[in-house]
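Here's the structure we're looking at; comments come further down.
Throughout, read-outs are computed from the coordinates displayed, never taken from laboratory work. Everything numeric in this text was worked out from a predicted model, so none of it was measured. All Cβ positions, glycine included, derive from the backbone under ideal geometry; neighbour counts span all protein chains shown.
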Amino acid sequence: MFALVAACVFIGSFLLAAGTIIAMFALYHDKIVAALTFEPIPQEVQVYRLRITRRRAVPAMRRSGPAFPAAAFAA
């Protein structure tokens, strides 16, 4: 008698678990399929390319003279 009750409880609990799994799969079928087919967007490593340019002084085409001509001091 005990074996019969134990078998009925075991079968009942197994059917309850199987029913729960089937019900959850039926309720969340769309979300499960979406999660399994989801492909994440690949994240590329950010690379910063910096170019630092400095303008160089251009040499003058003509040679500059003195600020005061010599004749100014003669006066």
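Things worth noting here:
- Remark: the range 5-46 is approximated by an ellipsoid whose semi-axes, taken from the C-alpha gyration tensor as √(5λ), come to 41, 11, 5 Å, largest first.
- Approximate spin-label separation E44-T20, in nm, with each point projected 7 Å along Cα-to-Cβ: 4.8
- Applying 1/(1 + (r/R0)^6) with R0 = 35 Å to the Cβ-Cβ distance of K31 and I52 gives a FRET efficiency near 0.10.
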